[in-house]
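Trainee: Would you mind keeping the following structure in view while I ask a few things?
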Amino acid sequence: MKEKLQKIRENAIAEIENSEGLDRLNEVRTAILGKKGELTAVLKGMKDVAPEDRPKVGQWVNETREAIEKRLAEKLEKLEAEALRMRYESEKLDVTMPAVKNERGNLHPITQVRNQLIDIFGSMGFEVYEGTEIETDYYNFTALNTPQDHPARDMQDTFYLSPEFLLRTQTSAGQIHVMEAKKPPIKIISPGKVFRSDDDATHSPMFTQMEGLVVDKGITLCDLKGMLDEFVKKIFGKDTTTRLRPSYFPFTEPSVEVDVSCFQCGGKGCKLCKGTGWIEVLGAGVVNNKVLEGCNIDTEEYSGFAFGIGVERIAMLKYGINNIKLLFESDLRVLKQIDD
Ligand code: PHE
């Protein structure tokens with residue numbers, strides 16, 4: 001019996017020493033000390049040992065077990081230390097290496113201007129309404145006093161999805177949704193993408209507008225002018241003023257084109273303002289009674305003004321960009337320069 005145990009012990013120690021990883025060591029442990037292990041089998045066989053020999057044999061078994069466990073523990077410690085050393089080795093950092101430059105991103109110029117506009121109008125008490133890019137012909141045109149065959153439809157070359165649905169050509173479509181959903185007083189801005197079949201240095205088939213709509217008791221063109229004067233000072237600088245020129249939009253009456261005094265030359269005339277001292281920035285007007293009536297708003301009691309700002313146009317003017325395509329090409333050399 002003693003020899004048998006001696007043999008188990010020697011074998012076990014050899015196996016332990018040869019184990020190359022933690023998994024293998026565990027297998028060896030089970031093969032010897034586990035439920036079906038070699039040493040466990042010897043213990044189970046104790047019942048066949050003569051009673052007077054049992055204490056002696058029992059002691060041998062225990063000694064063998066202890067010796068094996070000790071070796072197992074030592075080997076385990078060694079393997080763990082080795083694993084840790086290898087991990088440290090693989091994660092080793094050379095702190096003298098030059099650092100990879102971490103570049104800071106910035107918002108797209110359109111998003112920057114959009115946020116600036118929202119801040120300015122937000123501070124004047126305007127709420128933001130987000131419309132949808134797909135609209136019906138009714139909201140984009142008919143309800144805005146532009147029925148089928150109205151010549152003003154030619155002002156905006158439209159992408160139709162079906163006879164009924166289209167990609168909105170103007171955020172003005174949102175005006176109708178707001179007036180249908182809410183009683184005056186109304187004071188909203190509505191930023192978003194619009195689409196027109198139009199493509200040159202200053203026009204893109206997709207661009208961004210920001211609509212504004214105010215409906216309340218006693219609103220006049222003077223309110224519009226006063227608000228716009230505030231607005232241009234905030235976006236282009238405190239010396240900027242506005243002038244209104246007559247224009248035409250079916251959904252406003254009267255309609256105006258709004259110019260700002262050239263913030264580059266102060267009105268003397270330069271390349272930016274083409275020598276005129278003024279730069280056109282947006283379209284606006286007093287909401288046409290037909291539009292209010294279509295939304296069941298009593299025109300005896302209420303009136304309103306609306307305006308539509310081209311966000312790309314503001315960005316191009318502010319940052320001196322001469323081709324609208326530069327705003328859509330995602331060229332980092334351009335985008336990096338504009339961080340307002
Ligand atoms: N929707 C007009 C356009 O896209 C702009 C506008 C908006 C004009 C609101 C007047 C009032 O050209």
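The values are calculated or read from the model by the stated rules, or taken from the named source; none is laboratory data. Predicted model only: the values in this text are computed from it and were never measured. Cβ sites come from the backbone with ideal geometry, for glycine too, and all protein chains shown count toward neighbours. Just so you know, the surface numbers come from the protein's heavy atoms only, side chains and all, with ligands and any DNA or RNA stripped out. Shrake-Rupley method; radii C 1.70, N 1.55, O 1.52, S 1.80 Å.
Trainee: Can you give the FRET efficiency to the nearest 0.05 for E91 and E17, using r as the Cβ-Cβ distance and R₀ = 30 Å? Walk me through the numbers before you get to the answer.
Mentor: Details: r = 29 Å, r/R0 = 0.96.
That gives a FRET efficiency of 0.55.
Trainee: Further question on the same structure: Could you size up the charge dipole of region 139-298 around its Cα centre, putting +1 on the beta carbon of Lys and Arg and -1 on that of Asp and Glu, and report it in debye to the nearest 20? Intermediate values should be presented prior to the final figure.
Mentor: On the way: 18 positive and 20 negative charges, 125 e Å.
Rounded to the nearest 20 debye, it is 600 debye.
Trainee: Can you tell me the accessible area per residue over region 109-335, all protein chains present, probe 1.4 angstrom, in square angstrom?
Mentor: On the way: 10580 Å² over 227 residues.
Per-residue value: 47 Å².
Trainee: Semi-axes of the chain's equivalent ellipsoid from the Cα gyration tensor, sqrt of 5 times each eigenvalue, largest first, rounded to whole Å?
Mentor: Details: eigenvalues 1443, 145, 63 Å².
They are 85, 27, 18 Å, listed largest first.
Trainee: In whole Å, how far is the Cα centre of region 88-160 from that of region 317-340?
Mentor: Comparing the Cα centres of region 88-160 and region 317-340, I get a distance of 14 Å.
Trainee: Hey, another quick one. Normalised by the residues of region 109-335, what does the relative contact order come to in percent, with Cα pairs under 8 Å and at least six apart?
Mentor: Values: 440 pairs, mean separation 46.2, N = 227.
Value for region 109-335: 20 percent.
Trainee: What's the FRET efficiency of T276 with V100 using the Cβ-Cβ distance as r and R₀ = 41 Å, to the nearest 0.05?
Mentor: Details: r = 50 Å, r/R0 = 1.22.
After rounding to 0.05, the efficiency reads 0.25.
Trainee: Right, another one. Run the numbers for K225 and D149: contour at 0.36 nm per residue of separation, minus the present Cα-Cα distance, in nm.
Mentor: On the way: separation 76, 0.36 × 76 = 27.36 nm, distance 3.22 nm.
Working it through step by step, the gained length comes to 24.1 nm.
Trainee: Note down the net charge around E69, summing +1 for each Lys or Arg and -1 for each Asp or Glu among other residues with Cβ under 13 Å from its Cβ.
Mentor: Details: positive: R9, R29, R65, K70, R71, K75; negative: E63, E66, E74, E77.
For residues surrounding E69, the net value is +2.
Trainee: Can you show me the helix-derived [θ] at 222 nm for the chain, built from DSSP H runs with n ≥ 4 at -39,500 (n - 2.57) apiece and divided by the number of residues, rounded to the nearest 500.
Mentor: Details: 11 runs with 136 residues, N = 340.
Here the helix-only value at 222 nm equals -12500 deg cm²/dmol.
Trainee: When the chain is modelled as a GNM with alpha-carbon springs shorter than 10 Å, which of K56, K325, K271 fluctuates the most?
Mentor: K56
Trainee: Here's a follow-up. When the chain is modelled as a GNM with alpha-carbon springs shorter than 10 Å, which of A306, A14, A181 fluctuates the most?
Mentor: Top of the fluctuation ranking is A14.
Trainee: With charges set only on the Cβ (+1 for Lys and Arg, -1 for Asp and Glu), what does the dipole of the chain come to about its Cα centre, in debye to the nearest 20?
Mentor: Values: 46 positive and 55 negative charges, 276 e Å.
The dipole magnitude comes to about 1320 debye.
Trainee: When N is the residue count of region 2-90, what does its C-alpha Rg come to as a fraction of 2.2 N^0.38 Å? Please report the intermediate quantities before stating the final value.
Mentor: Working: Rg = 15.6 Å, N = 89, 2.2 N^0.38 = 12.1 Å.
For region 2-90, the normalised Cα radius of gyration comes out at 1.29.
Trainee: For region 2-90, what is the accessible area per residue in Å², given a 1.4 Å probe and the full set of protein chains?
Mentor: Numbers: 6410 Å² over 89 residues.
Accessible area per residue, region 2-90: 72 Å².
Trainee: Same structure, new question: For the chain, set up a Gaussian network in which alpha carbons nearer than 10 Å are linked by springs, and say which option among E80, E329, E301 fluctuates the most.
Mentor: Its mean-square fluctuation being the largest, the pick is E80.
Trainee: Sticking with this structure for a sec: Among all the aspartates and glutamates, which ones have a C-alpha under 15 Å from K271's C-alpha, if same-chain residues fewer than 8 places away are not counted?
Mentor: Candidates past the 8-residue exclusion: E280.
Trainee: Sorted by packing (mean other beta-carbon atoms within 10 Å per residue), highest first, where do 100-111, 218-229 land?
Mentor: Details: 100-111: 11.5, 218-229: 15.8.
Highest mean packing first, the order is 218-229, 100-111.
Trainee: Which lysines have a Cα less than 16 Å from the Cα of K36, not counting those fewer than 8 places away in the same chain?
Mentor: K44
Trainee: While we're looking at this one, here's another question. Would you work out what percent of the accessible area of the chain, with all protein chains in place, is carbon or sulfur (probe 1.4 Å)?
Mentor: On the way: 10200 of 19650 Å².
Of the solvent-accessible surface of the chain, carbon and sulfur hold 52 percent.
Trainee: A further question on this structure: Provide the gained length on full extension for the span Q337 to N323, in nm with one decimal, where the gain is 0.36 nm per separating residue minus the Cα-Cα distance.
Mentor: Details: separation 14, 0.36 × 14 = 5.04 nm, distance 1.53 nm.
That pair, Q337 and N323, stretches by 3.5 nm at full extension.
Trainee: Within the set K4/K47; K225/K325; K47/K75, which residue pairs have Cα atoms separated by over 21 Å?
Mentor: On the way: K4/K47 17 Å; K225/K325 31 Å; K47/K75 33 Å.
In this structure, K225/K325; K47/K75 lie more than 21 Å apart at Cα.
Trainee: Rounded to the nearest Å, what's the spacing between the alpha carbon centres of region 182-244 and region 246-295? Just the number, please.
Mentor: Here the answer is 9 Å between Cα centres.
Trainee: Using Cβ-Cβ distances only, list the Cys residues of the chain with no partner cysteine under 4.7 Å, sorted by number.
Mentor: Lone cysteines by the Cβ rule: C222, C295.
Trainee: Under a straight-distance cross-link criterion of Cα-Cα below 17 Å, which aspartates and glutamates are reachable from K35, leaving out those fewer than 8 residues away in the same chain?
Mentor: Cross-link targets: E27, E66, E69.
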